[in-house]
Amino acid sequence: MIAATASLLAAGESAIGPTLALIVGAGMAAQWIAWRTQLPSIIALLIAGLALGPFTGLLDPDELLGDTLFPLVSLSVALILFEGGLDLPPRELRNTGTAVRRLITLGAVITGVVGWYAAREIFGISDQAAIVLASVLVVTGPTVVGPLLRFVRPAGTTGPILRAEGVLIDPIGATAALVCFEVVLANDTNEAVLTLALIVGKTLLAGIGFGLATAFLLDNALKRFLIPDQLAVPVTFAFVVASYVAANEIQEESGLLAVTVLGIYLARRESSTIRQVLEFNESLRTLLISVLFILLAARIEYEALTEVFFPSLLFLVVLVLIARPLSVVASTVRTSLTWRERVFLCTMAPRGIVAAAVSAIFAIRLEEEFVPDAEKIVPIVFLVIIGTIVVYGFLAGPAARILGLAEAQAEGVLIVGSHATARGIAMQLKQREIKTLLIDTDPYNVTRSIAAGLTARRMSALAEDATESLDLRGIGRLLAVTSNDEVNALSTGRFARVFGRREVFQLAPGKKRSGHDAVPEEYLGRIIGMAGLTYNTLDERSRQGWKVVGSPAGPLIDEALEEELFLPLARIEEGEMAFICRNDPLPEVGDVIGLAAPSLQRQIEAEAPSASADA
């Protein structure tokens, strides 16, 4: 390791620095383009990696990082798995436990057996190479599943199931690859059985043991405030790295299990420190995924792919149309999943970083043992990774929409609060075919909303399971309009993780910003209303007979705004809705929704009787 580091430094900072900047810049550009074009980010990252590597030759990861490439990849995967475990709440595991347990055990076995037979028959490779190849390809992983789930945002339990499967299958798949590697090199059956038992036992002992021990120490240190806030995140990462390295010293590849156990254990603890670690790790995960996919895509060589390209297409068909459906069907028997959810599970099993890293490591070791066809493992795995990412990347979204588990355009609004004004906003949006969902803790307001034909639930936006239990199909933004400034601010912060900071809105705090009890700016969402609308203003205008109306933009609304008879809240143009925020200009086209004085209401009704609605 020291020699490898020395050789890396010898390459010269002048060469490494610009190349690393190019990788990070290309990764962030790909992520941004994917966001703007509504494409899965993984596909954009693969294109970027291929463009920098095989297409232009600007990037050679092996020359850049040398022998440190795969250790860095493995450590990055460990950090991603830790974040995945940390983002798996215990209630989510309980609710999806049966299906997840079967997918990572029975489902993995089915995928491995089908993959082994297909690889042997399609590629004509040796049994030893086919077994190791199939064991590598049982993994999916959060590096690929997570971005696709954020893109598709399926409703129900399919998202949690796929997320948990992706996190838990990685250490299992890495261990399975190690077991298969040792077994195919065994001289007889007794030795193979002994090797299998020894590796599995040591992996469980080292992985679970070091994971739990590290988690216990870190958890107690955080509980007793032995770690200051400014060191909480770096110390946590130090524990993650230590757990990973220590477990790997006992048993190869058990470090991934250790960090996963560590993350799941800490997820039991709801605290500001854990949330701080999770928020930081989410940003780190995005950066790591971007860099890793570009590095691994850039390693692909045309010559190595040519020989196995066309057989790989048939192999991919077997994995997608036979292995995955069989795995899902067997794993979801006698579960509460609907047929739609089971079909969607069949459309999501992309392979990612772990498969690439593990295949490269064991292929080299098989070649050293002179195993026939070992050199074909890496190109096959990379083609499967590219193929599954492309297939599932383009298939998952349309499949979820066809099955009714997601909607194409998330123009809808989650409204926190269901008082008269909130109901009026929801009614106007509904009339313009914009989906709304109101939530409130007041049963009277919820009942009034439902009686008005609106979708509403009695729930607090701050409830522990709010983000998981709400049906957010077609919902793409949040508007918090309760009478409590703190609840509004906390709601936008809570759902910013779901919708993004750009799509969370709230009323302006009613208290003076200079007061000691004011809500700090950093906790606020985007403020709705051209002048910053407060709940006190809404309540006062409502008592004066003001109601929410919708009207085409034009002279009538312009004049009403000048005469202070109208408070614009949102605009809708060609089916696309946007809230009007502080300092935004009044739209010149489309419809405008806002609070109107009684006199303006009569004018609007006179011009278009169907344009207004009583809240």
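The values are calculated or read from the model by the stated rules, or taken from the named source; none is laboratory data. The structure presented is a predicted model; accordingly, all values stated were derived computationally and were not measured. Ideal geometry is used to build each Cβ from the backbone, glycine not excepted, and the neighbour counts take in all protein chains shown. Side chains included, ligands, DNA and RNA excluded: accessible areas come from the protein's heavy atoms. Shrake-Rupley method; radii C 1.70, N 1.55, O 1.52, S 1.80 Å.
Here are the numbers:
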| item | result |
| --- | --- |
| The range 441-499, residues that are in a loop (DSSP other than H, G, I, E, B), modelled with pLDDT of 90 or more and hydrophobic (A, V, I, L, M, F, W, C) | ALA452, LEU454, MET459, VAL481 |
| Selection from the range 421-439 of residues that are open to solvent by 30 Å² or more (accessible area, probe 1.4 Å) and within 21 Å of SER483 (Cα to Cα) | MET427 |
| Flag for PHE310 being at pLDDT 85 or above, more than 21 Å from the chain's Cα centre (by Cα) and surrounded by 22 or more Cβ atoms within 10 Å (Cβ to Cβ) | no |
| Residues that are over 13 Å from SER359 (Cα atoms) and in contact with a Gly (Cβ under 8 Å, 6 or more places away or on another chain), drawn from the range 171-186 | PRO171 |
| Any chance SER41 is in contact (Cβ under 8 Å) with a residue 60 or more places away in the chain and over 30 Å from GLY263 (Cβ atoms) | no |
| Some residue of the range 119-127 being open to solvent by less than 10 Å² (accessible area, probe 1.4 Å) and part of a helix (DSSP H, G or I) | yes |
| Subset of the range 539-597 (residues that are assigned to a loop (DSSP other than H, G, I, E, B), open to solvent by 70 Å² or more (accessible area, probe 1.4 Å) and modelled with pLDDT of 90 or more) | GLN544 |
| Some residue of the range 392-403 being in a loop (DSSP other than H, G, I, E, B) and modelled with pLDDT of 85 or more | yes |
| Close pairs from the range 454-483: first within 17 Å of THR441 (Cβ to Cβ) and in contact (Cβ under 8 Å) with a residue 60 or more places away in the chain, partner open to solvent by less than 10 Å² (accessible area, probe 1.4 Å) and hydroxyl-bearing (Ser, Thr, Tyr), Cβ under 8 Å, at least 6 apart | LEU478/SER491; LEU478/THR492; ALA480/SER491; ALA480/THR492; THR482/SER491 |
| Residue in the range 141-151 that is modelled with pLDDT under 80, of a type in the set (A, V, I, L, M) and within 22 Å of the chain's Cα centre (by Cα) present | yes |
| Some residue of the range 209-223 being under 26 Å from ILE364 (Cβ atoms) and either without any contact (Cβ under 8 Å) to a residue 60 or more places away in the chain or surrounded by fewer than 13 Cβ atoms within 10 Å (Cβ to Cβ) (or both) | no |
| Flag if SER126 is small (Gly, Ala, Ser) and touching a Cys at 6+ places or on another chain (Cβ under 9 Å) | no |
| Identity of the residue in the range 348-362, surrounded by 24 or more Cβ atoms within 10 Å (Cβ to Cβ) and among the small types (Gly, Ala, Ser), that ends up farthest from the chain's Cα centre (by Cα) | SER359 |
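For every residue, the table says whether it meets (1) under 25 Å from LEU316 (Cα atoms); (2) in a helix (DSSP H, G or I); (3) in contact (Cβ under 8 Å) with a residue 60 or more places away in the chain; (4) open to solvent by 20 Å² or more (accessible area, probe 1.4 Å).
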{"site": "GLY112", "(1), (2), (3), (4)": "yes, yes, yes, no"}
{"site": "VAL144", "(1), (2), (3), (4)": "yes, yes, yes, no"}
{"site": "LEU148", "(1), (2), (3), (4)": "yes, yes, yes, no"}
{"site": "PHE151", "(1), (2), (3), (4)": "yes, yes, yes, yes"}
{"site": "ALA176", "(1), (2), (3), (4)": "yes, yes, yes, yes"}
{"site": "PHE181", "(1), (2), (3), (4)": "yes, yes, yes, no"}
{"site": "VAL193", "(1), (2), (3), (4)": "no, yes, no, yes"}
{"site": "ILE199", "(1), (2), (3), (4)": "no, yes, no, no"}
